[in-house]
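Step one of this worksheet: look at the structure below.
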Amino acid sequence: MQDASGAVVAFEHVTKRYPGSDAPAVDNLTLTVPAGEICVLVGPSGCGKTTSMKMVNRLIEPTGGRITIGGEDIMSLPAVELRRRIGYVIQQVGLFPHLTIGENTAVVPKLLRWKADRTRKRTDELLDIVGLDPARYRDRYPNELSGGERQRVGVARALAADPPVMLMDEPFGAVDPIRRDGLQNEFLRLQSRVRKTIIFVTHDVDEAIKMGDRIAILQRGGILAQYDTPAAILANPASEFVERFVGADRGLKRLSMGRVRDLDHIEPVIVRSGEDRAEIRKRLDRSDELTFALLVDDDNRPLGWIDQHDLRGDGPIDPGAATPGAPTVEPESTLRDALSAMLGSSVQLGVVVDERGRVAGLVSVDAIGERLRAPVRGVDGELHEVGEADATS
Amino acid sequence: MEFLGEVVAWFANPETWSGRNGIPIRLWEHVSLAAAALAVGTLIALPLGMLIGHTGRGALAVVSIANIGRAIPSLGWFGIVFVPALNLGLGLGFWPSVIALVPLAVPPIVTNTYTGLREVDRDLVEAARGMGMREWQILRRLEIPVALPVILAGIRTSAVQVVATATLAAVIAGGTLGQLILVGINIGDEVQVFGAALLVALLAIVTELSFAAIQRAATSPGLRDRGSAAELSV
Ligand SMILES: Nc1ncnc2c1ncn2[C@@H]1O[C@H](COP(=O)(O)OP(=O)(O)O)[C@@H](O)[C@H]1O
Ligand SMILES: [Mg+2]
């Protein structure tokens, strides 16, 4: 991983009033996006997301306030030069139909008068980065590509001159939902490498939660309703509007954000075929949390649960006695998936396994509940109790 | 049948191909007059069409004025030019004929250039502007190349019209194949009238086909499946 190549973007009391309209489209917006982070602007249609975003590259001029990038006022240099330093991706992608994919990617380098071989090298590198084989794609035309492929070229084009800031207006809005998920993941992986400062517009709250390091929720009239991390917004919606906007299922959304690796693991009582029952009973008694032992094979992979019944009497344990179907979860599994797996099994414990399927620990339904009640870190870097800023206030 | 035989004989006659009233000279007059009118018309129409197409301003006025050119019958233009040309002492012939043909050449080019540029997706223009293109760069690198098939279709229409109408230049001593027709009518030589008219028709067809070929060759492969847009505005 490299350092953030992005720059801080700050809105300071930014207002936009369109001519002939009394109500502002963006009203006194103040927020700071730290370098290398994705800030998602989200809200219902017409709430001023696009207007806010386009003021950053001056496609729209603010009527009040100022915007800085890396501390520098965006008005301090000519608009075209500013724009060449800001990557721009739109929903319709906007690839030039008469140019090849290679030429499309090279638009900004060409504006910057890069040497031909430097441009060519950069173009190939970029296509590679977004997962398109340069040899196959360089000389094709946009009309020969699928929607998803075009979207990737759009991202490559925006990254061409290595701008510190990227603006993305509903970039995956025109892609079908199945492919969108893949593109989002791919983009997040790419972002973890390039670490740009990204202003990302969407009307989809799930996309905002998934993509955002922080989320700015706007409401009609361009008013900032809440600006915080996804976890903090879901835990403590600042107003009734936010609560309604994030949805009644925000508890489940929080579950989707959490990972099994974030939970406290319980040490299992591990049992192998042939071990002595009395011995196992003794170990199980010492644990105050567990009433089941976990039978594993020689490679430490879980086979099933052993309960008190199976342990009556003496002599070696009979492997056939184990209740099969211990639900396994991975550290990367979402809490939502883990909970679902655990609720569906007779023993409400999840077996955390590593990539080879070996037991790494246990997690309980209670631990998930506790996790949801644990304080959440906000954009201020502080931990906040869940429900602290109650929506009803 | 007999008549066609005479037409063939007329074409075969060496006299038809020689002298002041021979086909080569009249054909040359015709082509050079049409080319000059098309060139002047294009020089006027392209910048005008681009200006209103890129800015989206003044379109109604310009297209309306251009269309007046279409509304007046072609022969009328030669009449309109006839009087001032004489009064200004320009004489008759080539340049007055060019001036008479230009108003015919302009409208299809202005209209198609304007329409072609306007049809360029606004999202594309916005993407271009957002990437830091200057206005003239947007015009030169995006709008014109994307609109090129439509613009060339306008020039093609214009060229065919000018070639056909250049025939009328004969009435103000502009020569051209029209002169052969005029002479044929005066001396009652129907064969010559028909033969010369046939040549004009052939020339128009050749013009149409050549410009169509240019249009195809100049269209980026990335725009090929949008050729229908070009067909529309012919
Ligand atoms: N060019 C414009 N002229 C006048 N009003 C506009 C213009 N663009 C947007 N608006 C208005 O400003 C408000 C915010 O628009 P926009 O920023 O596009 O919202 P969003 O992207 O959140 O859907 C809307 O009410 C919209 O109608
Ligand atoms: Mg929008």
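The long axis of helix A:116-129 is offset from the longest Cα principal axis of chain A by roughly 30 degrees. Taking every protein chain into account, the accessible area of chain A amounts to 46 square angstrom per residue (probe 1.4 Å). Helix B:144-165 axis versus longest C-alpha principal axis of chain B: approximately 20°, rounded to the nearest ten. Compute the angle between helix A:277-286 and the longest alpha-carbon principal axis of chain A, please, reported from 0 to 90 degrees and rounded to the nearest 10. With rounding to tens, the tilt is 50 degrees.
Straight Cα distances below 17 angstrom link residue A:110 to the lysines A:121, with same-chain residues fewer than 8 positions distant left out. Principal axis extents of the C-alpha atoms in region A:37-111 (largest first, rounded to whole Å): 40, 32, 24.
Helical runs (DSSP H, four residues minimum) scored at -39500 (n - 2.57) apiece and divided by the length of chain B put the mean residue ellipticity at 222 nm at -25500 deg cm²/dmol. Surface exposure of region B:2-233, expressed per residue as accessible area with a 1.4 Å probe, stands at 47 Å². The distance from the alpha carbon centre of region A:256-330 to that of region A:145-185 is 47 Å, rounded to a whole number.
Along the charge dipole of chain B, which of B:201, B:39, B:60 sits closest to the positive end, that is, farthest toward it, with unit charges on the beta carbon of Lys, Arg, Asp and Glu (+1, +1, -1, -1)? Of the listed residues, the answer is B:60. Averaged over the residues of B:215-223, the number of partner chain Cβ atoms lying within 10 Å of the residue Cβ comes to 4.
About the Cα centre of region B:50-148, what is the dipole size in debye to 20, counting +1 per Lys and Arg Cβ and -1 per Asp and Glu Cβ, all else neutral?
120
Excluding same-chain neighbours fewer than eight residues apart, the lysines reachable from residue A:16 by a Cα-Cα span under 19 Å are A:49, A:54.
Reported to two decimal places, what Rg/Rh ratio describes region B:63-146 when computed on Cα atoms with Rh from the Kirkwood expression?
1.24
Here the sum of -39500 (n - 2.57) over DSSP H runs of 4 or more residues, divided by the residues of chain A, equals -9000 deg cm²/dmol at 222 nm, to the nearest 500.
Would you please classify the overall shape of region A:139-190 from the alpha carbon gyration tensor, given that a ≥ b ≥ c denote the square roots of the eigenvalues, rounded means a/c under 1.5, and beyond that prolate means a/b larger than b/c while oblate covers the rest? Verdict is oblate for region A:139-190. Using a probe radius of 1.4 angstrom, the carbon and sulfur fraction of the accessible surface of chain A is 47%. Counting Cβ atoms of other protein chains within 10 Å of each Cβ in A:103-115 and taking the mean gives 2. Remark on region A:173-233: ratio of C-alpha radius of gyration to 2.2 N^0.38 Å is 1.20. When only Cα pairs below 8 angstrom with a gap of at least 6 residues are kept, chain A shows a relative contact order of 17 percent. Packing here is the average count of other Cβ atoms within 10 Å per residue, and on that basis the peptides B:95-107, B:56-68, highest first, run B:95-107, B:56-68. Name the shape class, rounded, prolate or oblate, that the alpha-carbon gyration tensor gives for region A:261-370, where a ≥ b ≥ c are the square roots of its eigenvalues, rounded holds for a/c under 1.5, and otherwise prolate holds if a/b is larger than b/c and oblate otherwise. Prolate is the answer for region A:261-370, as a/c is 1.5 or above and a/b outweighs b/c. Here the translational diffusion coefficient of region A:83-132 follows from Stokes-Einstein with Rh set to the Kirkwood radius across Cα pairs; for 25 °C and 0.890 mPa s it amounts to 211 µm²/s. Peptide B:136-148 has a mean shielding of 2, counted as Cβ atoms of other protein chains within 10 Å of each residue's Cβ. For region B:106-130, heavy-atom accessible area (probe 1.4 Å) falls by no less than 40 Å² from the chain alone to the full protein assembly at B:123, B:124, B:126, B:127, B:129, B:130.
Give, rounded to the nearest 20 debye, the magnitude of the charge dipole that region A:51-117 has about its Cα centre when Lys and Arg contribute +1 at Cβ and Asp and Glu contribute -1 at Cβ.
Working: 9 positive and 6 negative charges, 11 e Å.
Value, rounded to 20: 60 debye.
Give me the tail of P(r) for region A:9-256 as a percent: Cα-Cα pairs with distance above 32 Å. The partial results should precede the final answer.
On the way: 6751 of 30628 pairs.
Summing the P(r) tail past 32 Å for region A:9-256 gives 22 percent.
Ranking A:302, A:341, A:365 by how far each Cα lies toward the positive end of the dipole of region A:261-370 (charges on Cβ) leaves A:302 at the top.
On the accessible surface of region B:2-233, probed at 1.4 Å, how many percent belong to carbon and sulfur atoms? Provide the component values of the computation, followed by the final result.
Numbers: 7580 of 10820 Å².
It is 70 percent, rounded to a whole number.
When the Cα positions of A:197, A:273, A:255 are compared along the charge dipole of region A:187-325, A:197 comes out farthest toward the positive end, with charges on each C-beta of Lys, Arg, Asp and Glu. Here the dipole of region A:261-370 is about 220 debye; that uses its Cα centre as origin and unit charges on the Cβ of Lys and Arg (positive) and Asp and Glu (negative).
Summary value for region A:261-370: 26 percent relative contact order, contacts being C-alpha pairs under 8 angstrom separated by 6+ residues. For region B:1-154, the spread of Cα positions along the three principal axes, ordered from largest to smallest, is 67, 40, 25 Å. Here the label points at residue A:248 and residue B:201, each 7 Å from Cα along the C-beta direction, are separated by 7.8 nm in the simple model.
Rounded to the nearest 100 Å², what is the sum over both chains of accessible area buried where B meets A, with a probe of 1.4 Å?
Numbers: alone 12120 and 19210 Å², together 29310 Å².
Interface area, both chains combined: 2000 Å², rounded to the nearest 100.
Highest GNM mean-square fluctuation among B:177, B:142, B:46, for chain B modelled with Cα contacts below 10 Å: B:142.
Binning all Cα-Cα separations of the protein assembly as shown at 20 Å, short to long from zero, yields these whole-percent fractions: 15, 31, 25, 16, 8, 4, 0.
With a cut-off of at most 10 other beta carbons within 10 Å, and DSSP calling the residue loop, which trypsin sites (Lys or Arg not before Pro) in region A:47-116 qualify? Please list them.
Sparse-neighbourhood loop trypsin sites (Lys or Arg not before Pro): A:113, A:115.
The values are calculated or read from the model by the stated rules, or taken from the named source; none is laboratory data. Just so we're clear, the structure is a prediction, and the values are computed from it rather than from any experiment. So basically every Cβ, Gly included, is an ideal-geometry build from the backbone, and we count neighbours across all protein chains shown. Keep in mind that these areas ignore ligands, DNA and RNA; they rest on the heavy atoms of the full protein, side chains included. Shrake-Rupley method; radii C 1.70, N 1.55, O 1.52, S 1.80 Å.
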